[in-house]
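Enquirer: Got a structure here, written out as structure tokens. Questions coming.
The values are calculated or read from the model by the stated rules, or taken from the named source; none is laboratory data. For clarity, every value in this text was computed on a predicted model and none was experimentally measured. Positions of Cβ are backbone-derived with ideal geometry, glycine not excepted, and every protein chain shown enters the neighbour counts.
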Amino acid sequence: MNCQNCKTITEGGYTLCATCELRFAGTLLRLAHDVTPLHDSLDATLHPGGHSPVRIQTATPPTPIRLDVLDLIDMLDATARELWRCLDGIDALDWRKDKRNEDLKATLIACAGHPRLATFTDAGLYMHVINDLARKVDTVLDPPEQRREIGTCELCETMLTAGAADQWVTCPVCGREQRAQTVKLRRLKTLCWDDSERGSAADISKAFAVSGLKVSRKTITTWEQRGKLPRHADGYAYCDVYRLLIGSDLTKSVR
Ligand SMILES: [Zn+2]
Ligand SMILES: [Zn+2]
């Protein structure tokens, strides 16, 4: 037989290869671990960054509960119970025969450790569905834009992260509250006033974007090709790019 997930040849009777079985069990355990932060994320006054929640004060009164998260928990709950019934040989539609009374977390853990995880008929299908749910859970708990580095703490130099709309950040190490804009500008200033600071086109583009300055990687490389921007052995100088950027902005506004 072939593994239903990766198609490698498996021993007789196995619907998943050993690697995929481990991965499947790992994803189920990770989801079990995410159940509590997921419930915490239902509170709309929390930062969506559920793995390290910080309470925020929103400008408008928030909806008390995040419906997208509620839907996701419902879907995960239904899927986990359905998977458990499949594993235990109970007809998926005949849910009344399922006498289990455990919560979602316990159900996920039970599925991960089930002896039939790599032998039941629909293993590949469920692995696919569970992977998809795990991706959605990750997006709720760690939205990519929420984890942007904006600069270092003014007191202890810890790298701070903030969402695009955050006005204030609290340093996770020393607890100092500071304005996000100040942190961003300070970072830009250190980068641009110190002409030994170098980076790749991508680094510079990213660092500037965080501070609200738009310059694409392509623009930076084009400047180099046109001989406007010197490239050093260790990359471009932030201050050179900054000067060109400010210059090109001025030209645009004059036109
Ligand atoms: Zn496999
Ligand atoms: Zn600090």
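Enquirer: Scan region 174-183 and tell me whether some residue there is under 27 Å from Asp68 (Cα atoms), in the same structural domain as Pro230 (by TED's automatic domain parsing) and without any contact (Cβ under 8 Å) to a residue 12 or more places away in the chain.
Expert: Our first condition is that a residue be under 27 Å from Asp68 (Cα atoms); within region 174-183, this holds for none.
Scanning region 174-183 turns up no residue that is under 27 Å from Asp68 (Cα atoms), in the same structural domain as Pro230 (by TED's automatic domain parsing) and without any contact (Cβ under 8 Å) to a residue 12 or more places away in the chain.
Enquirer: Being touching a helix residue (DSSP H, G or I) at 6+ places or on another chain (Cβ under 9 Å), farther than 16 Å from Cys156 by Cα, surrounded by 14 or more Cβ atoms within 10 Å (Cβ to Cβ) and not hydrophobic (A, V, I, L, M, F, W, C) is the filter here, so list the residues in region 167-202 that pass it.
Expert: The answer is Glu197, Arg198, Gly199, Ser200.
Enquirer: Related question: Please verify whether region 157-169 includes one or more residues that are without any contact (Cβ under 8 Å) to a residue 24 or more places away in the chain, away from ligand 2 (no atom under 16 Å from the Cβ) and among the hydroxyl-bearing types (Ser, Thr, Tyr).
Expert: no
Enquirer: Also, quick follow-up: Tell me, please, whether a residue that is under 25 Å from Ile73 (Cα atoms) and in contact with a Ser or Thr (Cβ under 6 Å, 6 or more places away or on another chain) can be found in region 142-161.
Expert: Initially, region 142-161 is screened for residues under 25 Å from Ile73 (Cα atoms), giving 142-147.
Checking the rest, the ones that are also in contact with a Ser or Thr (Cβ under 6 Å, 6 or more places away or on another chain) come to 147.
Yes, because at least one residue in region 142-161 is under 25 Å from Ile73 (Cα atoms) and in contact with a Ser or Thr (Cβ under 6 Å, 6 or more places away or on another chain).
Enquirer: Here is a further query. It is to be established whether one or more residues within region 212-227 are within 16 Å of ligand 2 (Cβ to nearest atom), acidic (Asp, Glu) and either in contact (Cβ under 8 Å) with a residue 12 or more places away in the chain or in contact with a Pro (Cβ under 9 Å, 6 or more places away or on another chain) (or both).
Expert: Step one: filter region 212-227 for residues within 16 Å of ligand 2 (Cβ to nearest atom), giving none.
No, the conditions are met nowhere in region 212-227.
Enquirer: Also: Among the residues of region 201-239, what is the count of those that are modelled with pLDDT of 80 or more, in a helix (DSSP H, G or I), of a type outside the set (Gly, Ala, Ser) and closer than 17 Å to Arg187 by Cβ?
Expert: Of all residues in region 201-239, those modelled with pLDDT of 80 or more come to 201-209, 214-239.
From what is left, the residues that are in a helix (DSSP H, G or I) are 201-209, 217-225, 238-239.
Pick out the ones that are also of a type outside the set (Gly, Ala, Ser) and you get 203-204, 206, 208, 217-225, 238-239.
Pick out the ones that are also closer than 17 Å to Arg187 by Cβ and you get 203-204, 206, 208, 238-239.
Qualifying residue count for the region: 6.
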